[in-house]
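> I am attaching a structure below and will ask some questions about it afterwards.
The values are calculated or read from the model by the stated rules, or taken from the named source; none is laboratory data. All figures in this text were calculated on a predicted structure; none of them were measured in a lab. Note that we place each Cβ from the backbone using ideal geometry, even for glycine, and neighbour counts take in every protein chain shown. Quick note on the areas: whole protein, heavy atoms, side chains included, nothing else; ligands and nucleic acids left out. Shrake-Rupley method; radii C 1.70, N 1.55, O 1.52, S 1.80 Å.
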Amino acid sequence: MEFEGRVGHKALRKLKSEQVVWLTSVDDHGRPQLRPVWFHWNGEDVLIFSRPKAGKVRQIASRPSVTLHFNSDFAGSEVVVLHGEGVILMEAVAEARTRAYLRKYRQGIADLEMTPASFRDAYRVPIRIRLTSLWGF
């Protein structure tokens, strides 16, 4: 996906700097399910780790179309919405990528009173989201 124009540059900046993105998947009744998640952007795709029994795991496995969006500013501008296709990864994530994710959320993991090892054990399901389009203002 190319990040062209004002919205594209805004999206790229947010992917590189934000700590939380809102993930929207769709449940079995067709209702959108929004949740804030931690994520890692490597320049190609978004990586999220989840608990195995979380609704998003089941939802993405059966309906892979998702959206990601960031919080806007106080005036309701700086809106960036990213559309993508999610997949539950069956293979292990490259160790360098996992380390980068854990480094990004070192303080958040500690705030949960977890260690990197206990976090990896609890949030052991990797979800990769390949971005397909974006919009915003």
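> Output yes when any residue across segment 95-105 is farther than 16 Å from residue 14 by Cα, of a type outside the set (D, E, K, R) and open to solvent by 30 Å² or more (accessible area, probe 1.4 Å), and no when none is.
Yes: segment 95-105 contains one or more residues that are farther than 16 Å from residue 14 by Cα, of a type outside the set (D, E, K, R) and open to solvent by 30 Å² or more (accessible area, probe 1.4 Å).
> Separate question: Filtering segment 18-44 down to residues that are among the charged types (D, E, K, R) and in a loop (DSSP other than H, G, I, E, B), which residue is farthest from residue 132 (Cα to Cα)?
It comes out as 28.
> Can you confirm whether segment 45-54 contains a residue that is within 25 Å of residue 122 (Cα to Cα) and among the small types (Gly, Ala, Ser)? Quick ask: steps written out before the conclusion?
Just the residues of segment 45-54 that are within 25 Å of residue 122 (Cα to Cα), to begin with: 45-54.
Restricting the remaining residues to those that are among the small types (Gly, Ala, Ser) gives 50, 54.
Within segment 45-54, one or more residues are within 25 Å of residue 122 (Cα to Cα) and among the small types (Gly, Ala, Ser).
> Now for a separate question. Taking segment 126-137 on its own, how many of its residues are surrounded by fewer than 18 Cβ atoms within 10 Å (Cβ to Cβ) and among the hydrophobic types (A, V, I, L, M, F, W, C)?
2
> Here's a follow-up. Among the listed residues 129, 109, identify the single one that is at pLDDT 95 or above and farther than 17 Å from residue 45 by Cβ. I'd like the intermediate steps shown before the answer.
Numbers: 129 fails: farther than 17 Å from residue 45 by Cβ.
Just a single option satisfies the conditions, and that option is 109.
> All but one of (1) touching a residue at least 24 places away in the same chain (Cβ under 8 Å); (2) open to solvent by 60 Å² or more (accessible area, probe 1.4 Å) hold for residue 68; which doesn't?
(2)
> For segment 1-55, what are the residues that are open to solvent by less than 30 Å² (accessible area, probe 1.4 Å), farther than 23 Å from residue 106 by Cα and under 15 Å from the mean Cα position of the chain (by Cα)?
Correct list: 11, 24, 25, 55.
> Can you pull out every residue in segment 74-87 that is open to solvent by 30 Å² or more (accessible area, probe 1.4 Å), within 20 Å of residue 24 (Cβ to Cβ) and free of Cβ contacts under 8 Å to residues at least 60 places away in the same chain?
Answer for segment 74-87, where residues must be open to solvent by 30 Å² or more (accessible area, probe 1.4 Å), within 20 Å of residue 24 (Cβ to Cβ) and free of Cβ contacts under 8 Å to residues at least 60 places away in the same chain: 76, 83, 85, 87.
> Moving to a separate point now. Please work out which one of (1) small (Gly, Ala, Ser); (2) surrounded by 14 or more Cβ atoms within 10 Å (Cβ to Cβ); (3) farther than 24 Å from residue 137 by Cα is the condition residue 118 fails and give its number.
(2)
> Kindly state which helices (runs of 4 or more DSSP H) lie completely within segment 45-137 and contain at least 2 residues that are within 16 Å of residue 23 (Cα to Cα).
On the way: elements: 55-62, 95-104, 106-111, 116-122.
Qualifying helices (runs of 4 or more DSSP H): 55-62.
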